[in-house]
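The values are calculated or read from the model by the stated rules, or taken from the named source; none is laboratory data. Since we're looking at a predicted model, the values are computed, not measured. Neighbour counts run over all protein chains shown; Cβ positions are idealised from the backbone, glycine included. Calculation scope for accessible area: heavy atoms of the full protein, side chains included, ligands and nucleic acids excluded. Shrake-Rupley method; radii C 1.70, N 1.55, O 1.52, S 1.80 Å.
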Amino acid sequence: MNQLHQIVAKLDRELDIPFADGSNNGLQVANAGRVRKICTGVDASLPFFEQAAARGADLLICHHGLSWHDSLKYITGLNYRLLKFLLTHDIALYASHLPLDAHPKYGNNACVARALGLRRLQPWAAYKGNNVGIRGTLPAALPLAEFAQRVEKTLGNKTHVMAFGKKTVRTVGMVVGAGALGLDSAAADGLDCYLSGEPGLQAFNTAQQTGINAIFAGHYATESLGVQALGALLKKEFRLPVEHIDLAIPY
């Protein structure tokens, strides 16, 4: 078994969570089998690929991969450019979408929750039969503005706050990324605050009409920690250099 297959087998075992997911999770593009350096990133984009190649990576771990449903049915346009770059540089690509959002240890939600100091974490917010989010409790209640500042500092991105609930926050539910769908669950469960990535008109209307606080800190920023956690796992397991590439996308 070559080194790439060993690493992929490890990731597949860790992320073995059955999801109805639009992403074709797992190894999406192979290389010749040798792995000398790993880079992690949020999106399978050309800027990510170019920076990873410049740093000598031959395996990329990302959250938003290249293969969604039948998105690679035609290898033309941007699909051609992306795949050509990976194949030319002999770089493999592994992607994990909802399984990485939901993982209790390495998941985006779990990593964000722990970084914010939440305790008593529980899987939360069902989506097509599986919980994709997490809920938890702060050790002590904080003013909403102070909690929003903590989110900004932790994730390194400006927040959009919808202040329609209590003036203080202790119980928090989150579905990171484009997870505004969890607002209904947060309101129904009587949580003090909801945290996600992308705000929008529907989210505003739901928060206002149900009387709940909501904080949105960017799709990219809220989904940056999971791949870094996977990178740390692989660095320890395989003793390989691992580097995270942060493109600092504010959306």
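Hey, could you check the stretch 138-184 for residues that are under 24 Å from Ser224 (Cα atoms) and among the hydroxyl-bearing types (Ser, Thr, Tyr) and say which is nearest to the chain's Cα centre (by Cα)?
Looking at the filtered set, the residue picked out is Thr154.
On the basis of being open to solvent by 30 Å² or more (accessible area, probe 1.4 Å), of a type in the set (A, V, I, L, M) and more than 22 Å from Val132 (Cα to Cα), does Ile249 make the cut?
Working: open to solvent by 30 Å² or more (accessible area, probe 1.4 Å): yes; of a type in the set (A, V, I, L, M): yes; more than 22 Å from Val132 (Cα to Cα): yes.
Judged against the criteria, Ile249 is a match.
Assuming Tyr74 fulfils every condition listed in (1) over 23 Å from Thr40 (Cβ atoms); (2) under 21 Å from the mean Cα position of the chain (by Cα) apart from one, which condition is it?
The single condition Tyr74 does not satisfy is (2).
For the stretch 91-139: of the residues being among the polar types (S, T, N, Q) and within 18 Å of Ile215 (Cα to Cα), which is surrounded by the most Cβ atoms within 10 Å (Cβ to Cβ)? Show your work before the answer.
Keep residues of the stretch 91-139 that are among the polar types (S, T, N, Q), which gives 96, 108-109, 122, 130-131, 137.
After this cut, where a residue has to be within 18 Å of Ile215 (Cα to Cα) as well, the list is 108-109, 137.
Numbers: Asn108: 31, Asn109: 35, Thr137: 17.
The selected residue is Asn109.
Go through the stretch 190-207 and give me each residue that's outside any strand (DSSP E or B), of a type outside the set (Ser, Thr, Tyr) and either crowded, with 16+ Cβ neighbours inside 10 Å or in contact with a strand residue (DSSP E or B) (Cβ under 7 Å, 6 or more places away or on another chain) (or both).
Leu191, Asp192, Gly197, Glu198, Pro199, Ala203, Phe204, Ala207
Could you please find all residues in the stretch 50-87 being in contact (Cβ under 8 Å) with a residue 24 or more places away in the chain, part of a helix (DSSP H, G or I), more than 23 Å from Thr222 (Cα to Cα) and among the small types (Gly, Ala, Ser)?
If the condition is that a residue be in contact (Cβ under 8 Å) with a residue 24 or more places away in the chain, part of a helix (DSSP H, G or I), more than 23 Å from Thr222 (Cα to Cα) and among the small types (Gly, Ala, Ser), then Ala53 is the only one that fits.
Going by the conditions given, is Gln228 open to solvent by 60 Å² or more (accessible area, probe 1.4 Å), within 14 Å of the chain's Cα centre (by Cα) and in contact (Cβ under 8 Å) with a residue 40 or more places away in the chain?
Details: open to solvent by 60 Å² or more (accessible area, probe 1.4 Å): yes; within 14 Å of the chain's Cα centre (by Cα): yes; in contact (Cβ under 8 Å) with a residue 40 or more places away in the chain: yes.
Against the criterion (open to solvent by 60 Å² or more (accessible area, probe 1.4 Å), within 14 Å of the chain's Cα centre (by Cα) and in contact (Cβ under 8 Å) with a residue 40 or more places away in the chain), Gln228 qualifies.
Please determine, by comparing only the residues of the stretch 153-183 that are touching a strand residue (DSSP E or B) at 6+ places or on another chain (Cβ under 9 Å) and assigned to a helix (DSSP H, G or I), which one is modelled with the lowest pLDDT.
Applying the first criterion (touching a strand residue (DSSP E or B) at 6+ places or on another chain (Cβ under 9 Å)) to the stretch 153-183 yields 159-183.
Among the residues that remain, those that are also assigned to a helix (DSSP H, G or I) are: 180-183.
On the way: Ala180: 84, Leu181: 81, Gly182: 90, Leu183: 94.
The qualifying residue modelled with the lowest pLDDT is Leu181.
What number goes with the only condition from (1) part of a loop (DSSP other than H, G, I, E, B); (2) open to solvent by 30 Å² or more (accessible area, probe 1.4 Å); (3) more than 20 Å from Ala232 (Cα to Cα) that Arg36 does not pass?
(3)
How do the pairs read when you match residues in the stretch 196-222 that are modelled with pLDDT of 95 or more with residues anywhere that are basic (Lys, Arg), using Cβ under 8 Å and keeping only pairs 6 or more apart or on different chains?
Between residues of the stretch 196-222 that are modelled with pLDDT of 95 or more and residues that are basic (Lys, Arg), the close pairs are Asn213/Lys166; Ala217/Lys158; Gly218/Lys158.
Any idea which residue in the stretch 88-145 is farthest from Thr159 (Cα to Cα), counting only those that are part of a loop (DSSP other than H, G, I, E, B) and of a type in the set (Ser, Thr, Tyr)?
First, the residues of the stretch 88-145 that are part of a loop (DSSP other than H, G, I, E, B): 89-91, 96-97, 103-107, 116-118, 128-129.
Filter once more, so that each one left must be of a type in the set (Ser, Thr, Tyr): 96, 106.
Details: Ser96: 25, Tyr106: 23 Å.
My answer is Ser96.
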